[in-house]
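These notes concern the structure reproduced below.
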Amino acid sequence: MLLAPYLRKFGHFTVPDFVGDRFESQFARLVALVCAMFISFTYVAGQMRGVGIVFARFLEVDVTFGVVIGMAIVFVYATLGGMKGITYTQVAQYWVLIVAFLIPVVAISWQLTGQPVPQLGMGSELTSSGQRLLTTLDQIHSDLGFSSYTEPFTGSWDKVNVFCTALALMAGTAGLPHVIVRFYTVKNVQAARWSGFWAIFFIAILYLTAPATAAFSRYFVIDSLATMEPGEPPSWFDSWEKSGLVIWLDGLDAESKEPDGKIAYRNDEDNELFCPGKDISAAQVAALKADHARWIETRGEAGADGRLVLRQDGMGKRGPDRDIMVLAMPEMAGLAAWIIALVAAGGLAAALSTASGLLLVISSSVVHDFYYRMIRPTATERERLRLSRIAIGVAVVIAGLFGIYPPGFVAQVVAFAFGLAASSFFPVLVLGIFSVRVGTVPAVAGMVSGIGFTASYILSTVYFGGERWCFGIGPQGIGAVGMLVNFVVAGALTPLCKGPSLAARERRSTNDEWTEVSAKLPRYEDKVGAAQRIRLVAYDEENTDLIVKAGDTIKELIQMAMFDSEECKEAAASALAVLVYHDEARKKIVEEDGIRALISIITGGAKTANAKREACFGLGTLCSGRANAENRTKVMEGGAMRPRVDLGRRRALHSGRPRGRRGARVARGRVPPL
């Protein structure tokens, strides 16, 4: 809520764009671009893994094939939709997610405790025994050799680690690039602030329900295994065993040398429930299970005890895979099939919506921030769109590889991404917005030191067996320390280095920016970019007073639409199609013969479909409403009513009144949201 309004007011579409312009450095833009891609690829690895798990369970295929299916789905709708389209899909997918998350938890809470509110049910008494759920979990954990379920700050999760992880998650949320770009799709600064408020509210609903979900799933895992009949595993186990994410290796009784046929889930050497580790492949697991089956059949005389292999570091882990707990919980509780399917849909919605947003960040970083802003500023919109789709395709393949060979379980990988965002973007955004003294060198040095420290610590402790030398803090919480390093480095260098320019310190007003881009219109090399920027400024309803004074600018745009190159015509038509929503600009366009310019584009003056479409939009708005009958007559006389104009615009041109909510907003002279 504090950062979003200022970022929206600055008027850029990506974090590297903001960093590059605020600190007036292409190198700063490049560093931010690298950070954005590093964070996004780390985050998307967990999402693709989650997609693969859902498909593996419900299509009964291998996780690898499930990831491939998810790659294809994400690629299709990430390339078909843009920033605004993905924003709308994420809104729809959130409602699927939250409904799918809450319904089974509420049902299970009612089933176990008679309390429909999960947060209250977690602390209530079980209807079957009269004992509190958390007390029961503590007793079961004690009997099976696990540590107490409710005792806080045990093991590696001491007070320092819990605090640092919580801080990294909070600051990381404010620095995640795919979250920040969503605020650029709202219409103005006030909408950005309210958008941040509602985002926090809906996230809180999800997070406050998560502890109850964890407690219920833990209870059902242990209870279902403890009450199973010999040789008859619970139904949820049979379903998930096919995905390869849970393994049962029965043991032999020390005296009778006979298997008992029951799954022992314990925190000692008698444990028989495992999930595969990162150093063992599916083929190795199959060979291990076959060898273990032979060991059981021969009563230990041939084959080998597979449990000994899975106890080795990296080969296996005790208990079911942690990534399946939420998805398997409805099956463990014996809920209806439609609820199980709803949970699967919610899991897919969560993973796919996040993955699409991350892929958009990656493609925009490569194409907009690197190619367009640094390599080829004259690149056309069509060229950038084509490169964006290629970039998304490459990113999907890389993300799929991370999903097939994950760097950790889903929640752990996501925590890494939050830590990287907290240590790199959060400080530079705060300093860039609220400090007028921080220049290029401190900002870049802070980003590099913060993300460098965090990434190296995560790699050394998780993947190279290094010690937790920084006060015993784990990799999930080290982002908080990296954030502190970023602030300290930037603060220490600020007095020693050159500060930002006067323009950066005073933050150019929209009026100054309008004057600057309008002055570029007569210069051929700047025309397209200037027209595109004018279009963005005109989108904001708060700039109506500015548009009133835009007579010369509108005149120049009309000249572009009539006499310049194809690219200029498309950019000018797009800008005019937005300007017509302002009453004063609409009058000026009519006075300067803008209708004839738009007609010329539709009837053959331009060859691109985009230019003709934008011209159709502009004409449709000019002719909607009873007061615009004269404009409709001009259009009819000018010959624009040809098959090139789509059916929807024909209806708008013939209509004597605005249609629907959009038309009502036009009639009031208001600009629709971006």
Single residue of VAL428, VAL462, VAL448, VAL444 found to be at pLDDT below 85 and among the aliphatic types (A, V, I, L, M)
VAL462
Go through segment 64-122 residue by residue and tally those that are of a type in the set (Phe, Trp, Tyr) and over 27 Å from the mean Cα position of the chain (by Cα).
1
All positions within segment 315-340 that are outside any loop (DSSP other than H, G, I, E, B), in contact with a helix residue (DSSP H, G or I) (Cβ under 8 Å, 6 or more places away or on another chain) and of a type in the set (A, V, I, L, M, F, W, C)
ILE324, MET325, VAL326, LEU327, ALA328, MET329, MET332, ILE339, ILE340
On the given criteria, is VAL34 closer than 21 Å to PHE425 by Cα, assigned to a helix (DSSP H, G or I) and not acidic (Asp, Glu)?
yes
Restricting the first residue to segment 581-597 and requiring it to be within 15 Å of LEU619 (Cβ to Cβ) and among the hydrophobic types (A, V, I, L, M, F, W, C), which pairs with a second residue that is open to solvent by 10 Å² or more (accessible area, probe 1.4 Å) and assigned to a helix (DSSP H, G or I) meet a Cβ separation below 7 Å and a spacing of at least six or different chains?
VAL590/ASN631; ILE595/ASN631; ILE595/LYS634; ILE595/GLY638; ALA597/MET562
Might you let me know whether segment 594-601 holds any residue that is polar (S, T, N, Q), open to solvent by less than 20 Å² (accessible area, probe 1.4 Å) and modelled with pLDDT of 75 or more?
no
The number of residues in segment 287-314 that are closer than 22 Å to ALA264 by Cβ and either of a type in the set (S, T, N, Q) or not in a loop (DSSP other than H, G, I, E, B) (or both) is 17
Counting only residues that are hydrophobic (A, V, I, L, M, F, W, C) and under 10 Å from PRO104 (Cβ atoms), segment 333-351 contains a total of 7
Does any residue in segment 151-167 that is in contact (Cβ under 8 Å) with a residue 40 or more places away in the chain come within less than 9 Å, Cβ to Cβ, of a residue that is of a type in the set (Lys, Arg) and part of a helix (DSSP H, G or I) six or more places away or on a different chain, and which pairs are these?
none
For the structure I just gave you, tell me whether PHE197 is of a type outside the set (Ser, Thr, Tyr), in a helix (DSSP H, G or I), under 34 Å from the mean Cα position of the chain (by Cα) and buried (at least 20 other Cβ atoms within 10 Å of the Cβ).
no
Within the set of pairs 6+ apart or on separate chains, which have a first residue in segment 119-134 that is exposed (fewer than 13 other Cβ atoms within 10 Å of the Cβ), a second that is not aromatic (Phe, Trp, Tyr), and C-beta atoms under 6 Å apart?
THR127/GLY114
Just to be sure I understand, how many residues within segment 22-67 are without any contact (Cβ under 8 Å) to a residue 40 or more places away in the chain and of a type in the set (D, E, K, R)?
0
Quick check on this structure: which one of ALA627, ALA611, ALA615, ALA640 is under 44 Å from the mean Cα position of the chain (by Cα) and at pLDDT below 75?
ALA640
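The values are calculated or read from the model by the stated rules, or taken from the named source; none is laboratory data. Predicted, not measured: the structure shown is a model, and the values here were computed from it. In this analysis, Cβ positions are derived from the backbone assuming ideal geometry, glycine residues included, and neighbour counts consider all displayed protein chains. SASA here: full protein model, heavy atoms, side chains in, ligands and nucleic acids out. Shrake-Rupley method; radii C 1.70, N 1.55, O 1.52, S 1.80 Å.
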